[in-house]
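Note sheet for the following structure.
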Amino acid sequence: MTKGEGKAEVIDLKGLLARDEDFVRAAVEALVQAALEAEMTEAIGAEKGERTGTRVSYRSGYYSRSLITRVGTLELRVPQDRMGRFSTELFERYQRSEKALVGTLAEMYVQGVSTRKVKAVTEVLCGHSFSASSISAINKSLDENLKAFAERRLSENYPYLILDARYEKVREAGVIVSQAVLVAVAVDEDGRRQILAVELANRESRSSWREFLSRLKQRGLTGVEFVVSDNHPGLKQAVCEVVPQAAWQRCYVHFLRNALDYVPRKVDDDCLQELRWFYDRRDLAEVRRDIAQWLAKWQAKYPRLCDWVEETLTYYRLPLPHHKHMKSTNMLERLNQELKRRTHVVRIFPNAESCLRLVRALAVEMHENWLEATRYLNMDHLKEHKKEALRALAA
């Protein structure tokens, strides 16, 4: 293909998109339909019309089903089999977060706090406008599922716990206020990530974090050995009170950002660059030697900065393969990015309930994806690390 031909094809594609507003919707619909067919083939062990000894059932027609997405309403034909073996999770898992977003936008429209733009977005998302009764039905079924997730029993040990918060704008009694979204993520004994809780609070404080962590313990949170968070004073105090047995790690990424407030720009290249090197070391003894030299050099000029460094090195008591993942709250970064991307559509939530509905729905979606993914950490490293520490004490 020549360069000119390639350019012509791009132009043709742009023209197609410009002429047909349903192009993207039709493309997504075709992909989802193909996925359903592939799921059916896997479930019954045979392609359509294929003769094979591994077949466990036969196809038995289709039923129609609409799937609401942000590219429009997809009209799908869901395959059925004679034995009733086929069941797809596509609709439930995809529409959970979509329903939360649709419900929030629709509430804004029905309650009269939206604009014409919000109405237009809602109609594009769903293909039609909403009545108060339809919104109530959507949210009721969604809230029941999200409540079950939020109150589920925690029946495992969670050695690693990561805590963080972000803020969303919510309308209360006609006034726009900021609400803290408190999030707890953990790594279980099998090395898989789980989202334990997502709650709203008026602000980050000692009491709000203590209540948040206490509810986790009431649900069965046990086995916490290591907690990672930023340096919020209320959060630190709550961790000490509720999980006093756990070691606390100050997120080094937050620390380096905060350090810029205490180090003049002219020495940034020296002081902070030397500091950054510590977080790539492999051995605690090596780090302590280098830290001593760094403190001797900078303690007099930047005492507050130097006093905080030790808080960011707690992760060295963990096995080396876990250092990269447990020295910061970056594990939560993808979740926070997704929350930001989706809540940006709403901007200001009509009430706290709609805000919690959306962020929890997104959390459930990511939680399930994490459980199905490969293990995040090999926890055998932690078990062996503990054994080595015991042998060193006995020697």
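The values are calculated or read from the model by the stated rules, or taken from the named source; none is laboratory data. None of the values given here were measured: they were computed from a predicted structure. Backbone-built Cβ (ideal geometry, glycine too); neighbour counts: all protein chains shown. Surface accessibility is based on the protein's heavy atoms, side chains included, excluding ligands, DNA and RNA. Shrake-Rupley method; radii C 1.70, N 1.55, O 1.52, S 1.80 Å.
Residues in segment 363-392 that are assigned to a helix (DSSP H, G or I) and in contact with a helix residue (DSSP H, G or I) (Cβ under 8 Å, 6 or more places away or on another chain): Ala363, Val364, Glu365, Met366, His367, Glu368, His381, Leu382. Among the numbered conditions (1) within 29 Å of the chain's Cα centre (by Cα); (2) surrounded by fewer than 15 Cβ atoms within 10 Å (Cβ to Cβ); (3) not aliphatic (A, V, I, L, M), the only one that Tyr63 does not meet is (1).
Determine whether segment 227-243 contains at least one residue that is within 20 Å of Met326 (Cα to Cα) and of a type in the set (D, E, K, R). Yes, segment 227-243 contains a residue that is within 20 Å of Met326 (Cα to Cα) and of a type in the set (D, E, K, R). Could you go through segment 350-372 and let me know if any residue there is modelled with pLDDT of 90 or more and among the hydroxyl-bearing types (Ser, Thr, Tyr). No; the residues of segment 350-372 include none that is modelled with pLDDT of 90 or more and among the hydroxyl-bearing types (Ser, Thr, Tyr).
Being basic (Lys, Arg) and under 25 Å from Asp190 (Cα atoms) is the requirement here; does Lys340 meet it?
Working: basic (Lys, Arg): yes; under 25 Å from Asp190 (Cα atoms): no.
Judged against the criteria, Lys340 is not a match.
When Cys240 is tested against (1) touching a residue at least 12 places away in the same chain (Cβ under 8 Å); (2) touching a strand residue (DSSP E or B) at 6+ places or on another chain (Cβ under 8 Å), only condition (1) is not met. Per this entry, Arg282 is counted among residues that are outside any helix (DSSP H, G or I) and open to solvent by 30 Å² or more (accessible area, probe 1.4 Å).
Could you identify the single residue in Cys306, Cys271 that is open to solvent by less than 60 Å² (accessible area, probe 1.4 Å) and free of Cβ contacts under 8 Å to residues at least 24 places away in the same chain?
Cys306
The number of residues in segment 198-233 being touching a residue at least 60 places away in the same chain (Cβ under 8 Å) and hydrophobic (A, V, I, L, M, F, W, C) comes to 8. Restricting to segment 338-356, and then to whatever is open to solvent by less than 20 Å² (accessible area, probe 1.4 Å) and in contact with a Leu (Cβ under 7 Å, 6 or more places away or on another chain), can you tell me which residue is nearest to Glu199 (Cα to Cα)? Across segment 338-356, the extreme among qualifying residues is Cys355. Confirm whether Phe149 is open to solvent by 10 Å² or more (accessible area, probe 1.4 Å) and outside any strand (DSSP E or B). In short, yes.
Within the bounds of segment 207-225, is there any residue that is at pLDDT below 95 and not charged (D, E, K, R)? Scanning segment 207-225 turns up no residue that is at pLDDT below 95 and not charged (D, E, K, R). Taken together, the residues in segment 24-58 that are open to solvent by 50 Å² or more (accessible area, probe 1.4 Å) and either at positive phi or assigned to a strand (DSSP E or B) (or both) amount to 1. Based on this model, can you work out whether Val187 counts as of a type in the set (A, V, I, L, M, F, W, C), touching a residue at least 12 places away in the same chain (Cβ under 8 Å), buried (at least 22 other Cβ atoms within 10 Å of the Cβ) and closer than 24 Å to Trp308 by Cα? Here the answer is no, as Val187 does not meet what is asked.
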